[in-house]
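Below is one structure, written out as C-alpha cells, with a few remarks after it.
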C-alpha cells in the first residue's frame with residue numbers, strides 16, 4: 001500500500017472546476033482513508049484538501065476547518081496552513097494524482113499523530129451530518145458514475 005492513513009502527501013488534488021481530473025499542480029493533502037473499492041483495479045485514497053489561505057486572526061474557523069500550527073508545518077517544510085475537511089477527493093493511488101508515487105518517499109512529507117487523526121475522524125463524522133457542506137471530488141467518489149453520465153448528456 002503506497003500510503004497510510006494519517007499521512008500528508010503531495011497530490012494533484014482535483015479542482016472544483018475539473019472535479020474528475022488531477023489538478024494542474026501538486027498540493028499537500030491529508031490521507032484520511034485508503035482502500036480497495038469494489039470494481040476498481042486500484043487503491044482509492046480519500047484525501048482532504050489543505051490551503052495556506054490566511055484566516056482572520058482570532059476568527060472562529062468554520063466546521064470542518066482544522067488549523068495546522070507552525071510547529072507541525074515546519075516539520076513538513078511548510079508555513080502554517082489549514083485542512084479543509086469540507087473538500088474531499090476520492091482519487092486513485094496512481095502517478096496521475098500522486099506524481100511522486102515512484103519516488104522512494106512516495107511524496108509523503110509527514111505522518112500525523114493518532115490524536116490528531118482522531119480529531120479528523122470526529123470532524124468527518126460531524127460533517128457527515130451536514131452533507132450540504134461537503135464537496136466531493138475525484139473519479140472514485142460516491143455518486144461519480146451518475147455525475148459522469150450527467151456530464152456526458
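Label sites at residue 71 and residue 114, each approximated as a point 7 angstrom past Cα along Cα to Cβ, lie 1.9 nm apart. Of 64, 39, 141, the residue with the greatest mean-square motion in the GNM of the chain, using alpha carbon springs below 10 Å, is 39. Averaging Cα coordinates gives a centre for the range 107-130 and one for the range 6-66; these two points are 12 Å apart.
Given the options 25, 80, 115, which has the most mean-square fluctuation in a GNM of the chain, springs set between C-alpha atoms less than 10 angstrom apart? Ranking 25, 80, 115 by mean-square fluctuation puts 115 first.
Potential lengthening of the chain between residue 105 and residue 80 amounts to 6.8 nm, from the contour at 0.36 nm per residue minus the alpha-carbon distance. Between 59, 93, 73, the residue with the greatest mean-square fluctuation in the GNM of the chain (Cα pairs under 10 Å linked by springs) is 59. Using Cα extents along the principal axes in Å as the read-out, say which of [x] 63, 29, 29; [y] 46, 39, 27; [z] 53, 53, 30 was calculated from these coordinates. The value matching this structure is [y]. Taking every C-alpha pair closer than 8 Å and separated by at least 6 residues, the mean separation divided by the residue count of the chain gives a relative contact order of 28 percent.
Taking 0.36 nm per residue of separation and subtracting the current Cα-Cα distance, fully stretching the chain between residue 96 and residue 40 would add 18.6 nm.
Once the Cα-Cα distance is subtracted from the 0.36 nm per residue extended length, the residue 63 to residue 134 segment shows a gain of 24.5 nm.
Each value in this text was obtained by applying a stated rule to the coordinates, not by laboratory testing. Quantities reported herein were computed from a predicted structural model and do not represent experimental measurements. Using ideal geometry, Cβ is built from the backbone for each residue, glycine included, and neighbour counts are taken over all protein chains shown.
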